[in-house]
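*Asks:* Input: one structure, supplied below.
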Amino acid sequence: MAMVDEPLYPIAVLIDELKNEDIQLRLNSIRRLSTIARALGEERTRKELIPFLSENNDDEDEVLLAMAEELGVFIPYVGGVEHAHVLLPPLETLSTVEETCVRDKAVESLCRIGAQMKENDIVDFFIPVVKRLASGEWFTARVSSCGLFHIAYPSATDPLKTELRTIYGQLCQDDMPMVRRAAASNLGKFAATVEQSHLKTEIMSIFDDLTQDDQDSVRLLAVEGCAALGKLLEPQDCVAHILPVIVNFSQDKSWRVRYMVANQLYELCEAVGPEPTRADLVPAYVRLLRDNEAEVRIAAAGKVTKFCRILSPQLAIQHILPCVKELSSDSSQHVRSALASVIMGMAPVLGKDATIAELLPIFLSLLKDEFPDVRLNIISKLDQVNQVIGIDLLSQSLLPAIVELAEDRHWRVRLAIIEYIPLLASQLGVGFFDDKLGALCMQWLEDKVFSIREAAANNLKRLAEEFGPEWAMQHIIPQVLEKINNPHYLYRMTILQAISLLAPVMGADITCQKLLPVVINSSKDRVPNIKFNVAKVLQSLVPILDQSVVDKTVKPCLVELSEDPDVDVRYYANQALQACDQIMMSS
Amino acid sequence: MSPRENGSVGKPNASPRSPSGVAAGEGRSREDAFIQKVDICCTVYDFADRGKDSPEKERKRQVLMSLVDSIGAAEEPLTEAMMSACVHMFRVNLFRVFPPKVRSATVGASETEEDEPFFDPSWYHLQVVYELLLRFVTSPFVDPKVARKYVDSSFVSKLLDLFDSDDPRERDCLKTVLHRIYGKFMGNRPFIRKAVSNIFYRFVSEADHHNGIAELLEVFGSVISGFAKPLKEEHKLFLWKALIPLHKPKTVGVYLPQLTYCITQFIEKEPKLAGTVIRGLLKYWPVTNSQKEMMFLGELEEVLELIDMAEFQKCMVPLFRRIANCLNSSHFQVAERALFLWNNEHLFDMISQNRQVIVPLVYPALERNARLHWNQSVLNVTMNVRKMFFDMDERLLLACQSNFQVEEEKRAATEERRRLTWEQLERNADAFQPANTSFPAAPSSAPPVVPTVT
């Protein structure tokens, strides 16, 4: 093409590309907006490119989304922060489109730009955008405006601040629930920028209105923001304003509201301090732990440890523990599972004696739960209890639980327990492990499911790391190598994989003496898949082995494989040979 | 006390106009008895536990049924107190919070049971309450002017919330009730339209789940068919802002027949709207979901059936670009469905009259299918369609054919040129020298626009 010498008009290129009917090309060119801007220079970017983009936003949502994102990082291309305001008009238009993703991205970019703008630029340019959007005709503009107040407010002058608060109050009473929901979910962010005095009065009255909205969906979002709002207030104000609301909500007829309360009650406890917590929030929490609806109990049970950490041990034992006992035999397995995932953390909170007297029986009964997730959740957090009471009290109950999980018919359960074996090994110690768990670890190598065999091989490596090569030499290597004679090639493949994982841990000598011969032998296997895996494993062993061994044993074997009738075997053998040469050259 | 007695109490000389004046004493006792029964029905029982309170539950059902009979057999207007009591009872029984979705008990079993409808155990009572509500809103003896005080926006709003019920039987009842309320309580109509729009907006833009979209649309099918001509701006806005975006959610298949019905109702009222609808369909056209794409093609055909020439010409270029894309779909059903559009006589007619525009748009797609499509049946139909164009206008087809070849040959060059352009831009950007060019009025070096294979 002879066009290299012709002058190029960057905007013309863009206009042309954006006219293309192939959306991929339009997207590509939007993704390279910064190139165009740099080619144009800052001034022409401001005067030509940005106005062009402001007017051309009639494209498909995907293109608009890309544009909204690019403009968010465009400040350097328009000449720095003092010119940042030129980016606002196109983003303002994008914040009003119908597609939620585009609007959200435009608001995000507006915030990003606004956060860098100078105070008087915010007043001159950003706040007018917020005001225009907030009074937009269609709800999309008003929804978008709600996410901008927290950027605008801190830089505003006092009269403007008053105006912004008033506008926000109006948005919270908008005719459309969509807008009220947006206002409710952004209230926390906005409130964080508002001065204490206004917080107590105006913001709290906005909050009160939202909590009494006739749409459940709006009330729900107001509750969601409760804790965030509570943390902004002085403790006594929080007690006066938020506490009654939340206590009320904890008995709401909608389970979704109670669920929200259950999820964030502990955060509110932090905000109000110990005394009101004891008087009001503990009873509310206890009610939620005994809620009729399982979903609410699930949420409450999942926070039991966090909640207890805030309370004194006596209060926890007196009020929460009885509920925990009930929950441990709850009719819903999901409740028990949620409880099991956090209950071990209560041990450090309650201390040794209470743990042995009160928690241990619960642990034991959960370890016998019929639902595998419950048992797994207990086992996964074993270390937390170990620190408090030691493992001995639990170990006798652990073993049957582990064995049963190890043989569960769902492979995902088996996989989960394998992941915890190294943790268990470190907690239980070598002795216990040798007696009870060693056989299980070998058994998994011959599981029917590949993922289990893979995890089993990995597990052996982690055990060898935990207990050291000497121990592995005795308890792992012989058993593993024995299995290389399995009649099924898939199991032989697992052993090869295990060897390549174990070799780095075991070191050069053992690899050379024990592992390598087995691998070399397998190169005579009748199954090509085994043979090319031999090539792969040999390649992985080269860095560990002495050069002489590589030359004497590995290479001849690979050369032989490289002449195999199977194309894949030849391919991997050649790969491995090349790797050998490279390593030799570099050393 | 039996309901029959109630009915006969005030009968002799009670004229509908002044029920309370004539036999105040008797009227009073009829009213009292009625309200007493309604009050009994305000106790809500727990159906989670089957055995609990069963005699009371049975009694309540009996009382509810007797109320159904007595409204059905009423021969004089219900008093305001009776209406108020009824609506209160409806609120107490019907307006409830739905329980959370049941989590599946075992890990593997969930997939098969996913779409099982849920049947509310308290349906034993609810069914009769709905029956009563329906009698209430349809009874000629319930004066809408008085009842409106109780069947107000808050009542309607809560009723609309119930459309999210998991129980299909309940949604079915609600559909009928809402339809009747819309018919009888004229004052509530704007509110209902607004509230339903809000449900649609939320469903579309907050990516929510909603069980009752199909039922709401069904009610609106008849609401729309009742709109006066010419259509008000407000109603057209409803089409554009609330109905057309309903094509976006991935569950559109659940309610598409009802949605299409609503939309065709609009077009029948005002044929000019067909173009708007088609542009809307193109805006929400699915990119990866072939199942949805086939549904869209189906709806497109229905809309095109109704379109007139002027509107057709306004949107045919983007429309046939899209159809050309569908023709090349590697999902053979999509490709087939698109090819079958030519079997539609009305459409065929319009295509042949506008062939100078349309054939050049779709010819490259046909040619690509003929060369590359994997599916034999798509291949065959493609050949037929091409033959059809050939018979329609031989010269045009040959022109397209040679043009296609030229474009194909130029394509590699065009792509190379695009690459070079960007490369040079990149270089210019890196070594930017200000004021080397001025903004041109027309891009002289613009590469020709060429469709790329996707």
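*Asks:* May I ask you to give the solvent-accessible area per residue for chain A, in square angstrom, as obtained with a 1.4 angstrom probe?
*Replies:* Ligands and nucleic acids excluded, the result is 42 Å² per residue.
*Asks:* Of the heavy-atom accessible surface of chain B (probe 1.4 angstrom), what whole percent is carbon and sulfur?
*Replies:* Answer for chain B is 53 percent, counting heavy atoms of protein chains only.
*Asks:* When we measure straight from the Cα of A:Lys531, which aspartates and glutamates land under 18 angstrom away, once same-chain ones fewer than 8 places off are left out?
*Replies:* By straight Cα distance, A:Lys531 reaches A:Glu560, A:Glu563, A:Asp564, A:Asp566, A:Asp568.
*Asks:* Considering the dipole of the protein assembly as shown built from charges on the beta carbon (Lys and Arg +1, Asp and Glu -1) around the Cα centre, which of B:Leu64, A:Leu339, A:Val449 is farthest to its positive end?
*Replies:* B:Leu64
*Asks:* How many nm is it between the label spots at A:Asn248 and A:Leu399, if each spot is 7 Å from the Cα in line with the beta carbon?
*Replies:* Each label point is offset 7 Å from its Cα along the Cβ direction, giving 5.9 nm.
*Asks:* Under 19 Å from the Cα of B:Lys175, which aspartates and glutamates turn up, not counting those fewer than eight places away in the same chain?
*Replies:* The qualifying aspartates and glutamates are B:Asp120, B:Glu131, B:Asp152, B:Asp161, B:Asp164, B:Asp166, B:Asp167, B:Glu215, B:Glu218.
*Asks:* Continuing with the same structure: Could you sort A:Lys325, B:Lys37 by accessible area so the largest value comes first, with the probe set to 1.4 Å?
*Replies:* A:Lys325, B:Lys37
*Asks:* Pull out the extension gain between B:Met388 and B:Met65, defined as 0.36 nm times the separation in residues minus the alpha carbon to alpha carbon distance; nm, one decimal.
*Replies:* Values: separation 323, 0.36 × 323 = 116.28 nm, distance 6.56 nm.
That works out to 109.7 nm of additional length.
*Asks:* Sticking with the crude label model, points 7 Å out along Cα→Cβ, report the distance from A:Lys200 to B:Thr251 in nm, one decimal please.
*Replies:* For the pair A:Lys200/B:Thr251, the computed spacing is 4.7 nm.
*Asks:* Let me ask something else. Per residue of B:236-242, how many C-beta atoms from partner chains lie within 10 Å of its own C-beta, taken as a mean?
*Replies:* That average works out to 1.
*Asks:* If you take the beta carbon distance between A:Val286 and A:Gln384 as r and set R0 to 22 Å, what does 1/(1 + (r/R0)^6) give as a FRET efficiency, to the nearest 0.05?
*Replies:* 0.40
*Asks:* If R0 is 25 Å, what FRET efficiency do you get for A:Trp138 and A:Gln116 from their C-beta distance, rounded to 0.05?
*Replies:* In this case the efficiency is close to 0.30.
*Asks:* Among the listed pairs A:Lys514/A:Lys552; A:Lys105/B:Lys250; A:Lys253/B:Lys52; B:Lys194/B:Lys236; B:Lys194/B:Lys269, give every one whose C-alpha distance is greater than 19 Å. Please list the in-between numbers first.
*Replies:* Details: A:Lys514/A:Lys552 16 Å; A:Lys105/B:Lys250 22 Å; A:Lys253/B:Lys52 22 Å; B:Lys194/B:Lys236 13 Å; B:Lys194/B:Lys269 21 Å.
Beyond 19 Å between Cα atoms: A:Lys105/B:Lys250; A:Lys253/B:Lys52; B:Lys194/B:Lys269.
*Asks:* On C-alpha positions alone, give me the angle between the axis of helix B:273-283 and the longest principal axis of chain B, in degrees, nearest 10.
*Replies:* 70
*Asks:* How are the Cα pair distances of the protein assembly as shown distributed, in percent, across 20 Å bins from 0?
*Replies:* In order of increasing distance, the bins hold 10, 25, 36, 25, 4, 0, 0 percent.
*Asks:* Please compare each pair in A:Lys189/A:Lys303; B:Lys101/B:Lys292; A:Lys448/A:Lys536; B:Lys241/B:Lys272; B:Lys149/B:Lys184 to a cut-off of 21 Å on the Cα-Cα distance and tell me which ones are over it.
*Replies:* A:Lys189/A:Lys303; B:Lys101/B:Lys292; A:Lys448/A:Lys536
*Asks:* Let me ask something else. What is the calculated FRET efficiency for A:Arg526 to A:Ile583, with r their C-beta to C-beta distance and R₀ = 30 Å, to the nearest 0.05?
*Replies:* 0.50
*Asks:* Follow-up. Say a paramagnetic label sat at a point 7 Å from the Cα of B:Ser330, along Cα to Cβ; which residues of the range B:356-383 have their backbone N under 14 Å from it?
*Replies:* B:372-375
*Asks:* Continuing with the same structure: Would you mind putting B:228-240, B:402-414 in packing order, based on average other-beta-carbon counts within 10 Å, highest first?
*Replies:* Sorting B:228-240, B:402-414 by mean packing, highest first, produces B:228-240, B:402-414.
*Asks:* Once neighbouring chains are kept in place and the probe is 1.4 Å, which whole percent of the accessible area of the range A:242-374 is contributed by carbon and sulfur?
*Replies:* Working: 2540 of 5060 Å².
Solvent-exposed carbon and sulfur of the range A:242-374 make up 50 percent of the total.
*Asks:* Now a separate question. Using the basic label-point model (7 angstrom from Cα toward the beta carbon), what is the B:Phe119 to B:Thr288 distance in nanometres?
*Replies:* Result: 3.8 nm between the two label points.
*Asks:* Please work out how much length the chain gains when fully extended from A:Glu407 to A:Tyr571, using 0.36 nm per residue of separation minus the C-alpha to C-alpha distance, in nm with one decimal.
*Replies:* 55.2 nm
*Asks:* Tilt of helix B:54-72 relative to the longest C-alpha principal axis of chain B, in degrees (0 to 90, nearest 10)?
*Replies:* Result, in degrees: 80.
*Asks:* Ok, one more. Once you have a ≥ b ≥ c as the square roots of the Cα gyration tensor eigenvalues for the range A:1-117, tell me rounded if a/c is under 1.5, and otherwise prolate or oblate according to whether a/b is larger than b/c.
*Replies:* oblate
*Asks:* Mind checking the mean number of beta-carbon atoms from other chains within 10 Å of the Cβ atoms in A:39-49?
*Replies:* Neighbouring Cβ atoms belonging to other protein chains average 3 per residue here.
*Asks:* Quantify how strongly other chains surround peptide A:20-27 by giving the mean number of their Cβ atoms within 10 Å of each of its Cβ atoms.
*Replies:* Mean inter-chain Cβ contacts per residue within 10 Å come to 4.
*Asks:* Expressed in nm to one decimal, what extension gain is obtained for the pair A:Met473 and A:Asn56 from 0.36 nm per residue of sequence separation less their Cα-Cα distance?
*Replies:* 143.0 nm
*Asks:* Further question: Only counting protein heavy atoms at a 1.4 Å probe, give the residues of the range A:249-280, ordered by number, whose accessible area falls by 50 Å² or more when the other protein chains are present relative to the chain alone.
*Replies:* Buried by the other chains: A:Trp255.
*Asks:* Over both sides of the A-B contact, add up the buried accessible area with a 1.4 Å probe and give it to the nearest 100 Å². Before the final figure, lay out each step's value.
*Replies:* On the way: alone 26940 and 24820 Å², together 46770 Å².
That pair hides around 5000 Å² of surface in total.
The values are calculated or read from the model by the stated rules, or taken from the named source; none is laboratory data. This one's a predicted model, so the numbers in the text were calculated from it and none came from an experiment. Note that each Cβ is placed from the backbone with ideal geometry, even for glycine, and that neighbours are counted across all protein chains shown. Only protein heavy atoms, including side chains, enter the accessible area calculation; ligands, DNA and RNA are left aside. Shrake-Rupley method; radii C 1.70, N 1.55, O 1.52, S 1.80 Å.
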